[in-house]
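To keep things clear, I will list the structure first and then write my remarks on it.
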Amino acid sequence: MSPGSPDAGWDTIETVNFSSAEALEWEQIRALVARYISTHGGASELAMVEPRDDRAALESELAEAAEAIAYLRAAASPQQTGQGSAIRINLNHLPDVTQSAQKLRIEGAALEPREIFDLIGFLDRAADVKSFLSAAGERFPLLAARAAGIGDFRDLLGEIEGRIQADGTVLDSASPHLHRVRREIEKQKKAIQESLERFLRANRNEGVLQEEYVTIRNERYVVPVLSGQRRRLPGVIHGASSTGQTLFLEPLETIDLNNELVRLQEEEAREVFRILRELTGRLRAYADPIRDAAAVIAKLDLVFAKARFAIDFDCAIPKFTSGAERRLHLENARHPLLMDVLRRSKREVIPFSLTLDADCRTLLISGPNTGGKTVTLKTVGVVCLMAQAGLPVPCAAAVMPVFEQVLADIGDNQSIEQNLSTFSAHVSRLREMALDATPDSLVLLDEIGSATDPEEGGALGVALVDHFRAAGAFTLASTHLTALKIYGANTKTVLNASMGFDEQTLAPTYKLQVGLPGKSAGLAIAARLGMPEDILKRARANLSSQEVELSELIANLHRRIEEADRTQAALDRERNELRVREKRIAAESAQREAEKLRDLEARFEEMQQRWQQRADQTVEKIEQSAERRKAVDHAFRETARVKREMREDFNSVVRSPEAGGEQKKTPRIEEGSRIRIKGIREPARVRRVLGDGRFEAEAGYMKMQVSAEDVEEVLPEISGPQPSKLPKNVRFRPAPELNPVVREINLIGDHAVEAAERVEKFLDSAVMATAARVRIVHGHGMGVLKRTVEDVLRGNPHVEKFYPAPPYEGGAGATIVELKE
């Protein structure tokens, strides 16, 4: 096991030696992820991240990272509310408590005031993290399980709260004795000040004072006197000015007062030390839970750093394969370091996709110089290393085996010190790789067979690639050599690929195309870079006819494939246009049918009303007969029966499949569907499908469980507000939209004054947007933010009432506010 392995039993890829890691720029990748680390502990965790081959551990880590990505996206989504809602977790500026936690292990040692304050602040923030993740445990069980390792420090925080200030000062309220001693110190200082002022007034006109003020020397109160008048004034000299013209005298009558002040200050220091030892003792009782909490926060910091990196670089969670299903599939892969560089100039990386499997594990990449071959090799290697380090990878999708070793020969390994030329260095490295290769290896070869005679280099390159293919290793190699291109075309288990080249602009396109070898286009690139035409003519004349024919054949194949791609793209566009047109025609037809049905229903209702009027008239006549009660009851029953039969006849005739030509499909109810519920005017949104025909729906702030029978209709999604025509000279200006910004505010990390201002503005916006109920997240902590929020709410004229949030909305860490109508 490597010394830097993050957990016992996890084996690092030992064969990813320094040269391979350096060639694949692993340390730069780790530094890129480090930008998203917030704490010292998280940085320590990241420093231990290395590629390894423990598939179970890797999948566990990646599952946790995937959950963190979903959590961050949920926390950033303004629509998420209610049970399981995610609250943003902020670990920035979290104090480093590593040294303090270690000091707690030393029996009898006392922490400094600032160390105690930082520890309490850390535990306070850790408690908030646990609260937030536990509340969202149903949606994010892995994060909640990780946060469960943070202990319960509420009793400890309650004992130490309000005893030490942020600047490290022990407050007077820390103990009654400290409060009394400090009051006596203040009285003693006042008595000394008054004594010295009397001394100054008494000697003001004696010509012995340098200046009339009181200062401190050697922690004792003194006055400045002229050096030549020392003997005229009784007292103790505590020093002189830099010029020697002024002496600092403690008058005789203040010596006892200063002595008493020193005694009181020593008593204060002893009491402060006693309090610090007492507080340290209380913290020492929680030493193990504190260390556990620090470890959990460090792990969470790393997990959320991975998630933020994944979101920022549009990464995917890789999947691993084994056995007969082993394959290397990368979809829209990009090199993260190249992405980072190009972002600064607002450019994007051109992604590539490739697939290698058990039947074809070798890919030969050819194409123009500066066309992206080396970057492609490095990207594959970096993606595999990142995946086996438990990091999300910059791909749309990634599937790969768990490699035991990554063998890379990329770059110029020339060494003057070891007397190695470029070719010798390559051969030395290739010899080691050939001996180490196994079926569980990933082999990356850049410009194999170069730096020597092309014919011999091609023969050596073919032999090496075939050796790695026979060993069963997944192999990617870049080359310009014709021998390797022919080898790739004639070997069934080897794929040729090429980097694109634009014949018109004579520039590389950086697009990987699998299935054909590429042309090196050396002469074309030389022409683009300004090589004189007479030199290029002589170069073309020196080409053999075989090389010219092969180059033209490859160029023709590329042109045909490009034409086929353009034709396919045009067909895809036409197919999509036809689908859109079919949907539009179907929607228009459905709308016409619906309008016809509404017209028929209106006519039927009118007919029923006329029939009802006639029935009522008949009933009135019957009531005048002798046996009117019996006749009336019979008439009412007949009326109800006839109305029911008329409705059934209408439904069977008008709504039947034969009448409409095609039966109307009932829309499917699923999560996110907009529905209308019987008895409720406002449309509702389905939040969760419970099964057995029941759903959990939300209409405004009202949540309920309903059955499918309670749903009157499934409403279409509204793409935007539909403007209606207003009367002349009438203007309409909408009120503030009730968006999620005025439904919730997060104050965690704010100071009290800043939080009060934000709450006032937030309430104003909520009232303007006609919100009825809002949530204010302030965390648990020491209660400062909570008390500030309550003070603001009590004085705000728009607040009807407020109360702690239920557990699924943050519990005591949040406050629900109901606003006046």
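The values are calculated or read from the model by the stated rules, or taken from the named source; none is laboratory data. Just so you know, these numbers come straight off a predicted model, no measurement behind them. Glycine also receives a Cβ, built like all others from the backbone with ideal geometry; neighbour counts cover every protein chain displayed. Note: areas computed on protein heavy atoms with side chains; ligands, DNA, RNA excluded. Shrake-Rupley method; radii C 1.70, N 1.55, O 1.52, S 1.80 Å.
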Quick one: in the stretch 484-523, which of the residues that are modelled with pLDDT of 65 or more and assigned to a helix (DSSP H, G or I) is surrounded by the most Cβ atoms within 10 Å (Cβ to Cβ)? 484
Residues being in contact (Cβ under 8 Å) with a residue 24 or more places away in the chain, surrounded by fewer than 19 Cβ atoms within 10 Å (Cβ to Cβ) and more than 16 Å from residue 781 (Cβ to Cβ): count how many of those fall in the stretch 90-102. 2
Quick check, is residue 380 surrounded by 22 or more Cβ atoms within 10 Å (Cβ to Cβ), closer than 24 Å to residue 425 by Cα and of a type in the set (Val, Ile, Thr)? yes
Checking residue 162 against (1) within 23 Å of residue 812 (Cα to Cα); (2) surrounded by 14 or more Cβ atoms within 10 Å (Cβ to Cβ); (3) in contact with a Ser or Thr (Cβ under 7 Å, 6 or more places away or on another chain); (4) touching a residue at least 40 places away in the same chain (Cβ under 8 Å), only one condition comes out false. Which one? (2)
Go through the stretch 125-173 and give me each residue that's of a type in the set (A, V, I, L, M, F, W, C), part of a loop (DSSP other than H, G, I, E, B) and farther than 18 Å from residue 295 by Cα. 136, 140, 166, 171
Filter the stretch 144-156 for residues that are buried (at least 17 other Cβ atoms within 10 Å of the Cβ) and touching a residue at least 40 places away in the same chain (Cβ under 8 Å) and give the result. 146, 147, 150, 151, 153, 156
Within the stretch 464-475, does at least one residue satisfy the condition of being more than 20 Å from residue 352 (Cβ to Cβ), modelled with pLDDT under 75 and surrounded by fewer than 18 Cβ atoms within 10 Å (Cβ to Cβ)? no
Restricting the search to the stretch 279-300, which residues are under 21 Å from residue 168 (Cα atoms) and of a type in the set (D, E, K, R)? 282, 284
Does the stretch 347-361 contain at least one residue that is open to solvent by 60 Å² or more (accessible area, probe 1.4 Å) and at positive phi? no
In the stretch 196-226, how many are buried (at least 18 other Cβ atoms within 10 Å of the Cβ), modelled with pLDDT of 75 or more and either among the aliphatic types (A, V, I, L, M) or in contact with a Cys (Cβ under 6 Å, 6 or more places away or on another chain) (or both)? 4
Only residues that are open to solvent by less than 70 Å² (accessible area, probe 1.4 Å) and at pLDDT 80 or above: list them for the stretch 691-702, please. 695, 696, 697, 698
Say we look at the stretch 297-338 and pick out the residues that are assigned to a helix (DSSP H, G or I), within 19 Å of residue 75 (Cβ to Cβ) and among the aliphatic types (A, V, I, L, M); which of these is most open to solvent (accessible area, probe 1.4 Å)? 311
Selection from the stretch 449-463 of residues that are under 14 Å from residue 362 (Cβ atoms) and surrounded by 23 or more Cβ atoms within 10 Å (Cβ to Cβ): 461
Total residues in the stretch 750-761, condition assigned to a helix (DSSP H, G or I), under 21 Å from residue 90 (Cα atoms) and either at pLDDT 85 or above or among the acidic types (Asp, Glu) (or both): 6
Residues of the stretch 170-182 satisfying the condition of being open to solvent by 80 Å² or more (accessible area, probe 1.4 Å) and in contact with a helix residue (DSSP H, G or I) (Cβ under 8 Å, 6 or more places away or on another chain): 173, 179
Has the stretch 257-273 got any residue that is at pLDDT below 85 and β-branched (Val, Ile, Thr)? no
Tell me whether the stretch 56-66 contains one or more residues that are within 30 Å of residue 698 (Cα to Cα), at pLDDT 60 or above, surrounded by fewer than 21 Cβ atoms within 10 Å (Cβ to Cβ) and under 15 Å from the mean Cα position of the chain (by Cα). yes
Does residue 103 satisfy the condition of being of a type in the set (Lys, Arg) and modelled with pLDDT of 90 or more? no
Would you tally the residues in the stretch 424-448 being in a helix (DSSP H, G or I) and surrounded by fewer than 17 Cβ atoms within 10 Å (Cβ to Cβ)? 7
Please name all residue pairs, on different chains or six or more residues apart, with Cβ atoms under 7 Å, provided the first residue is in the stretch 124-143 and is within 22 Å of residue 62 (Cα to Cα) and the second residue is among the polar types (S, T, N, Q) and part of a loop (DSSP other than H, G, I, E, B). 136/85
